[in-house]
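The values are calculated or read from the model by the stated rules, or taken from the named source; none is laboratory data. Since we're looking at a predicted model, the values are computed, not measured. Methodologically, a virtual Cβ is constructed for each residue, glycine included, from the backbone with ideal geometry; neighbour enumeration extends over all protein chains shown.
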Amino acid sequence: NAGVTQTPKFRVLKTGQSMTLLCAQDMNHEYMYWYRQDPGMGLRLIHYSVGEGTTAKGEVPDGYNVSRLKKQNFLLGLESAAPSQTSVYFCASSYPRHEQFFGPGTRLTVL
Amino acid sequence: KNEVEQSPQNLTAQEGEFITINCSYSVGISALHWLQQHPGGGIVSLFMLSSGKKKHGRLIATINIQEKHSSLHITASHPRDSAVYICAVERYDMRFGAGTRLTVKP
């Protein structure tokens, strides 16, 4: 089993460009999450999903969109990247009320 | 005030020492998580608690729901335990503490 994988691992964008981060899990987990981690701010929840076709906003959703068209995939989109979105992005998945499994992270720089 | 407070922020210990990291929270929760993040960034879940105490090897986690407090203990600490330990509370969403950076010296 690959667990939770994230694509890409690194990306540099210019302000205003768009991109999609892909999270995939092979554990048949219902719940999936997108977090960002910034120095001095810790981990913060961007969006989450409790099942295929459902998504919800987390603590810092502005500037991001998500989709969960298939149970195993959770996509995070940046429509118009801003320097404030420079961060490390982590995806995680879990069964309801169980421990979360984290992906390796995506380091995004917006110039 | 943050909803999840961890202490201490930084902790240096000698190999073999008993370590305690504390987490206090101010909101109602359905569960509390302890995570470990090594240099290089990977995040691993250590425990998920909704009551009582859990033990895994040299790690012990406890939670007191009435006092809104949890502790993570490491017995017989080892340099490989050096990492950032993060407390997170689960409601309908997840909120995280700032983390405790632990350094264990040989």
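Screening B:Gly97 with (1) on the phi < 0 side of the Ramachandran plot; (2) surrounded by 12 or more Cβ atoms within 10 Å (Cβ to Cβ); (3) more than 14 Å from every other protein chain (Cβ to nearest Cβ) gives one miss only, at (3). Filtered by the rule that a residue be of a type in the set (Asp, Glu) and in a loop (DSSP other than H, G, I, E, B), the range B:1-24 gives B:Glu3, B:Glu15, B:Glu17. Output the residues belonging to the range B:25-58 that are in contact with a helix residue (DSSP H, G or I) (Cβ under 9 Å, 6 or more places away or on another chain) and either buried (at least 20 other Cβ atoms within 10 Å of the Cβ) or part of a strand (DSSP E or B) (or both). Passing the criteria: only B:Gln36. Evaluate the following for B:Ala76: is it closer than 19 Å to A:Gln37 by Cα and not in a strand (DSSP E or B)? So B:Ala76 does not fit the description; no. Among the criteria (1) crowded, with 17+ Cβ neighbours inside 10 Å; (2) over 24 Å from B:Leu49 (Cβ atoms); (3) touching a Pro at 6+ places or on another chain (Cβ under 8 Å), the one A:Thr5 does not fulfil is (1).
Among the residues examined, B:Cys87 qualifies as buried (at least 19 other Cβ atoms within 10 Å of the Cβ), touching a residue at least 40 places away in the same chain (Cβ under 8 Å) and within 11 Å of chain A (Cβ to nearest Cβ). Looking only at residues of the range B:1-24 that are polar (S, T, N, Q) and over 21 Å from B:Pro79 (Cα atoms), we find that the one that is surrounded by the most Cβ atoms within 10 Å (Cβ to Cβ) is B:Gln6. Considering the conditions (1) under 19 Å from A:Gly105 (Cβ atoms); (2) at pLDDT 95 or above; (3) within 14 Å of chain B (Cβ to nearest Cβ), A:Met41 is excluded by exactly one of them, (2).
Scan the strands (runs of 3 or more DSSP E) fully inside the range A:67-111 and keep the ones with 2 or more residues being more than 12 Å from every other protein chain (Cβ to nearest Cβ) and within 16 Å of A:Thr5 (Cβ to Cβ).
Filter on the range A:67-111 gives A:73-78.
Considered as a group, the residues in the range B:61-73 that are surrounded by 13 or more Cβ atoms within 10 Å (Cβ to Cβ) and part of a loop (DSSP other than H, G, I, E, B) include one that is nearest to the other protein chains (Cβ to nearest Cβ), and that residue is B:Ile65. When B:Gly57, B:Gly16 are screened for being at pLDDT 95 or above and farther than 24 Å from A:Pro104 by Cβ, only B:Gly16 passes. Counting the residues of the range B:48-73 that are polar (S, T, N, Q) and free of Cβ contacts under 8 Å to residues at least 12 places away in the same chain gives 2. Total residues in the range A:56-66 satisfying the condition of being touching a residue at least 24 places away in the same chain (Cβ under 8 Å), farther than 21 Å from B:Ser45 by Cβ and either outside any strand (DSSP E or B) or over 11 Å from the mean Cα position of the chain (by Cα) (or both): the figure is 2.
Total residues in the range B:21-72 satisfying the condition of being closer than 27 Å to A:Asp38 by Cβ and among the β-branched types (Val, Ile, Thr): the figure is 5.
Which pairs do you get when a residue that is within 15 Å of B:Met94 (Cβ to Cβ) and at the interface with chain A (Cβ under 9 Å from one of its Cβ atoms), found in the range B:23-47, comes within reach of a residue that is among the hydroxyl-bearing types (Ser, Thr, Tyr) and in a loop (DSSP other than H, G, I, E, B), reach meaning Cβ atoms under 9 angstrom, with the pair 6+ apart or on two chains? Pairs found: B:Ser30/B:Ser50; B:Ser30/B:Tyr92; B:Ala31/B:Ser50.
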